[in-house]
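Enquirer: Here it is, the structure in full.
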Amino acid sequence: MSTLRWLACESEAKGSHAPSRTPPGTVVYAIGDIHGRSDLLETLLQGIEQDSQGRQAARFVVIFLGDYLSRGDDSYAVVEKVMSWRAATPASTEVVTLRGNHEDLALRYLLGEMEAGRHWFDYDGLDALSDYGVVAADPGARDDGSLQFLRERFAQALPQQHLAFFQALAINHREQDYHFVHAGVRPGVPLAEQNAHDQMWIRKRFLESDLDHGAVVVHGHSIAPTPQVRHNRIAIDTGAYASGVLTCLMLDGTKRAFLQSIGLPEKLPDAA
């Protein structure tokens, strides 16, 4: 059973520039990496619904930052929940689903890229396959024959609606002074010129940069025990699959806050 809690989010340091804000009359909720934790997602979405009912706004935007698959209890249930919840939202709520690096690997693997399958399986991709009813006889096998066999079984087991969901995932989303993306952006490159791979995969070069990216980048992908707030980025991957903490960033005009779903931890996190 998971519970909800609110955390304050640091305000922007006073300076010469105006504080970052959402479009007029718009409240944004950005949800970090879920990784199969359908239990935490269920509670978090309830919290978003409750919070939005108490806010005066003409428009609500809920943005999933990607990595629905792998590692946690049930990737299948996460995808089902996101799709059903999106279908049931009122007209005043827009739901944006972004592509994470785990969805990138899954799609490339389905297209026949065996190396993507190897990479995915080294970081718990087999957990996602088992959630779709595909269990590897030898979890450690990485030869092309084993990978091809599992790929064919996965393609057969994957519902068409889930495949369409993965294929339609966006790479980024912009809301006035905020740029939403799974991993980050390449420093020094205009946002309009960023490539898809960097936005799903980049880590160290982006995390260590103090450059102004042209908007505050809201991202997941890089796990930290608590949300990280910098002048140029806000990181909200709190390692839900392992920590039992799924984080959402709420943005309302110039206001910021974190909403978290808290449940039981599962295992130690790693970086991929």
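Please treat every number below as a calculation from the coordinates, not as lab data. For clarity, every value in this text was computed on a predicted model and none was experimentally measured. We place every Cβ from the backbone using ideal geometry, glycine too, and count neighbours over all the protein chains shown.
Enquirer: Students often check this: by mean Cβ neighbours within 10 Å, which of 95-104, 211-220, 45-54 ranks highest, and how do the rest follow?
Expert: Result, highest mean first: 95-104, 211-220, 45-54.
Enquirer: Another question, if that's okay. Report the percentage of all Cα-Cα pairs in segment 188-247 whose separation exceeds 16 Å, rounded to a whole percent.
Expert: Of all Cα-Cα pairs in segment 188-247, 46 percent lie more than 16 Å apart.
Enquirer: Quote the charge dipole size of segment 179-258 about the Cα centre in Debye, to the nearest 20; the model charges only the Cβ of Lys and Arg (+1) and of Asp and Glu (-1).
Expert: Dipole of segment 179-258, to the nearest 20 debye: 120 debye.
Enquirer: If you don't mind, there's one more thing I want to ask. Can you give the charge dipole size of the chain about its Cα centre, rounded to the nearest 20 debye, using +1 on the beta carbon of Lys and Arg and -1 on the beta carbon of Asp and Glu?
Expert: 740 debye
Enquirer: When a/c reaches 1.5 or more, the comparison of a/b and b/c decides; with that in mind, is segment 59-151 rounded, prolate or oblate per its Cα gyration tensor?
Expert: Judged from the Cα gyration tensor, segment 59-151 comes out prolate (a/c at least 1.5, a/b above b/c).
Enquirer: How large is the translational diffusion coefficient of segment 94-243 in µm² per second when you combine the Kirkwood radius over alpha carbon pairs with Stokes-Einstein at 20 °C and 1.002 mPa s?
Expert: 128 µm²/s
Enquirer: Between residue 196 and residue 137, what's the calculated FRET efficiency when r is the beta-carbon distance and R0 is 35 Å? Round to 0.05.
Expert: 0.55
Enquirer: A follow-up question, please. Any idea what angle helix 101-110 forms with the longest principal axis of the chain, computed on alpha-carbon atoms, 0 to 90 degrees, nearest 10?
Expert: 30 degrees
Enquirer: Same structure again: Grab the other residues whose beta carbon is less than 13 angstrom from that of residue 135, score K and R as +1, D and E as -1, and report the net.
Expert: So the environment of residue 135 carries a net charge of -2.
Enquirer: Between residue 3 and residue 205, what is the label-to-label distance in nm when each label sits 7 Å out along the Cα-to-Cβ direction?
Expert: Output for this residue pair reads 4.4 nm.
Enquirer: Okay, next question. Work out the charge dipole of the chain with +1 on the Cβ of Lys and Arg and -1 on the Cβ of Asp and Glu about the Cα centre, then indicate which of 133, 38, 120 is farthest towards its positive end.
Expert: Farthest towards the positive end: 38.
Enquirer: Okay, moving on. Can you give the alpha-carbon Rg of the chain over 2.2 N^0.38 Å, where N counts its residues?
Expert: That works out to 0.99 for the chain.
Enquirer: Rounded to the nearest 500 deg cm²/dmol, what is the calculated helix-only ellipticity per residue at 222 nm for the chain, with -39500 (n - 2.57) per DSSP H run of length n ≥ 4?
Expert: When only DSSP H runs of four or more count, the value is -9500 deg cm²/dmol.
Enquirer: Positive end of the charge dipole of the chain (Lys, Arg +1 and Asp, Glu -1 on Cβ, about the Cα centre): tell me which of 181, 242, 217 has its Cα farthest that way.
Expert: The listed residue farthest towards the positive side: 217.
Enquirer: Compute the long axis of helix 144-157 from its Cα atoms, compare it with the longest principal axis of the Cα atoms of the chain, and write down the angle in degrees, 0 to 90, nearest 10.
Expert: It is inclined by approximately 70 degrees.
Enquirer: Per 0.36 nm of contour for each residue apart, how much would the distance between residue 84 and residue 231 grow if the chain were fully extended, relative to their Cα-Cα spacing?
Expert: 49.4 nm
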